[in-house]
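To keep things clear, I will list the structure first and then write my remarks on it.
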Amino acid sequence: MAAGSCLLLLLLPSLVTASHSPPGCKIRITSKGLDLVKQEGLRFVEQELQNITVSDLHGKEGQFQYNISQVKVTDLQMAFSDLNFQPQQHLAFNINNASISLRFRRQLLYWFFYDIGSINASADGVQIYTVLQLAKDEAGRLKISSMNCNASIARMHAGFSGTLRKVYEFLSTFIVTGMRFLLSQQICPSLEHASLVLLNSLLDTVPVRSYVDEHVGIDYSLLRDPSVSTDTLDLDFKGMFFPRVREDQELENHAVEPVIKETERMVYVAFSEYFFDSAMHSYFQAGVLTMELQGEKVPKDLEVLLRATFFGTIFMLSPSVDAPLRLTLQVSAPPRCTIKPSGTSVSVSAFLNISLVPPDRPPVQLSSMAMETKLSAKVFLQGKALRVQLDLRRYDWGPTGAWGESPPHPTHTCFLLSRFRIYSKQSALESLALFSLQAPLKTLLQLTIMPIINERTKKGVQIPLPEGMDFTREVVTNHAGFLTVGADLHFSKGLREVIEKYRPVPTAAAYPSSQPAEPSLEPGSL
């Protein structure tokens, strides 16, 4: 028994770690963001309620027979509504004291008096209370998993016209009571379909596992159900890149978990060092962190310096003295990202091989040197894409800028002093001889290699937001081990527009070949 208890104590830390894997990406939606969603959501609810289908109503009370059909909602007034967070996984949506205007076709028979026409009615004091439960589905996607709904109508009245108006008003209780019941019974099913089907189709537009380019993909699956407080909704995403040649590869996350404390903006997105490390690890695994310059691609000034540096070796290779040079730069280990309050940097270790490439002969290696560099990183948003631009030059923007300059973009994070050094893999003496190449090679990297790398990363990676929702007024802030992007939101497309775009095409059976027959106008059909 004691041995079993000891074993449980030893396994407990690993069980806790497994149950709470830190996210590589975290999104927080604040109450200000929810207010924007409420405005757009209210328009969507109005559109759904205006499409309510009420079944025909017919009956007989003594000598009074009636048939009500073709019910249509003509107007909807929802002056008082509220959308708020409800711990632990819910959103609550309330509509108070709304009114619904209706128009429907009447067929009435009272003794020997028969009449047809239309009736205008209104339902007042409409109360709707819905609670949506948010959860992670099997694919790691955010979904509305269930909905509770209660709807009631305080009062309803109908306006009649015609020669039998007084009779209709006397007998309207039967019609109004039945119509009030049918209408209240259709509100919740309509909203349930809107939530569990239509809004979930909108959530399907959030990328979960997708390809970034031909080399890597990104996994934005949720690690756990959303966490809802009275003021915020937090989503923990895996935020892991993977090489497309090995899509099942998992990189263990040992980075600091992002902590979002701010609530001033509508939304905050946090990225840990793991997010960026997994990207660089995936590109390394894909074998694309290699670059080669040969012949005319080697800057002329650098070629002259290299030929002078290795003059003795090249002279002994006659008649290959005039053979073109080839520079091969190959990253030797996955680069690592470091995020500090002062800025973001990327540490890179690489091999630089310098060779002569004589025509019709095997290449001749002149030198193989190791290279270590710390690149400054600019992290910023462009649309919904997170982009990183690397640099070897020194920047240190503070509140007043670097040397009196302003940052090139208001959403840039500040970034660190670059570092660069090379040394020989063969001997310390050769490392000393290579010292004169350090500045020219750094210039080569900055002017030739870095533009190529930044061009490859120009596209960036999409942040997991639904289609039609975009960021505005973004601000990037660095912390110890992670960075956050605070922003406001706006809808570039309406909910209805996006939902209609992805609505499944109904089958032919869903549309009857002919319109349903109208109720007979003959009294006998009643």
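The values are calculated or read from the model by the stated rules, or taken from the named source; none is laboratory data. Note that the structure is predicted; figures quoted are calculated from it, not measured. For neighbour counting, all protein chains shown are included, and Cβ atoms are generated from backbone atoms with ideal geometry for every residue, glycine included. Only protein heavy atoms, including side chains, enter the accessible area calculation; ligands, DNA and RNA are left aside. Shrake-Rupley method; radii C 1.70, N 1.55, O 1.52, S 1.80 Å.
Quick notes on this one:
- Output for segment 471-493, where each listed residue is of a type in the set (D, E, K, R) and under 13 Å from Glu40 (Cβ atoms): Lys493
- Among residues of segment 50-87 being closer than 22 Å to Glu192 by Cα and among the charged types (D, E, K, R), the one that is most open to solvent (accessible area, probe 1.4 Å) is Lys72.
- Boolean, Arg326 is of a type in the set (Lys, Arg), at pLDDT 80 or above and loosely packed, with under 13 Cβ neighbours inside 10 Å: no
- Segment 23-41: number of residues that are open to solvent by 30 Å² or more (accessible area, probe 1.4 Å) and part of a helix (DSSP H, G or I): 7
- Strands (runs of 3 or more DSSP E) within segment 328-393 that include 2 or more residues in contact with a Leu (Cβ under 7 Å, 6 or more places away or on another chain): 343-356, 364-382, 385-391
- Scan of segment 194-208 for residues that are touching a residue at least 40 places away in the same chain (Cβ under 8 Å) and either assigned to a helix (DSSP H, G or I) or of a type in the set (Lys, Arg) (or both), ordered by number: Ala194, Ser195, Leu196, Leu198, Leu199, Asn200, Ser201, Leu202, Leu203
- Of all the residues in segment 156-189, those that are at pLDDT 65 or above and of a type outside the set (A, V, I, L, M) number 15.
- Candidates are the residues of segment 208-220 that are of a type outside the set (A, V, I, L, M) and crowded, with 17+ Cβ neighbours inside 10 Å; the one that is nearest to Asn84 (Cα to Cα) is Tyr220.
- Residues in segment 444-472 that are part of a loop (DSSP other than H, G, I, E, B) and out of contact with any Leu (no Cβ under 9 Å at 6 or more places or on another chain): Lys458, Lys459.
- Of the strands (runs of 3 or more DSSP E) lying entirely inside segment 229-283, those containing at least 3 residues that are more than 17 Å from Val208 (Cα to Cα) and either in contact (Cβ under 8 Å) with a residue 12 or more places away in the chain or more than 19 Å from the chain's Cα centre (by Cα) (or both) are 267-272.
- When residues in segment 135-155 are screened for being of a type in the set (Gly, Ala, Ser) and touching a residue at least 60 places away in the same chain (Cβ under 8 Å), 3 of them pass.
- Among the residues of segment 81-131, those that are of a type in the set (Asp, Glu) and within 24 Å of Tyr66 (Cβ to Cβ) comprise Asp115, Asp124.
- Selected residue [out of contact with any Ser or Thr (no Cβ under 8 Å at 6 or more places or on another chain) and either outside the structural domain of Ser55 (by the TED database) or open to solvent by less than 40 Å² (accessible area, probe 1.4 Å) (or both)] from Ile100, Ile119: Ile119
- Residue that is modelled with the lowest pLDDT, among those in segment 432-444 that are surrounded by 13 or more Cβ atoms within 10 Å (Cβ to Cβ) and over 14 Å from Phe351 (Cβ atoms): Ala433
- Inter-residue pairs, beta-carbon under 6 Å, first in contact (Cβ under 8 Å) with a residue 24 or more places away in the chain and in segment 106-134, second of a type in the set (Asp, Glu) and open to solvent by less than 70 Å² (accessible area, probe 1.4 Å), 6+ apart: Leu108/Asp115
- Test result for Lys300, over 30 Å from Gly343 (Cα atoms) and either open to solvent by 40 Å² or more (accessible area, probe 1.4 Å) or touching a strand residue (DSSP E or B) at 6+ places or on another chain (Cβ under 9 Å) (or both): yes
- Matching residues, segment 22-45, being farther than 30 Å from Ala255 by Cβ and hydrophobic (A, V, I, L, M, F, W, C): Leu36, Val37, Leu42, Phe44, Val45
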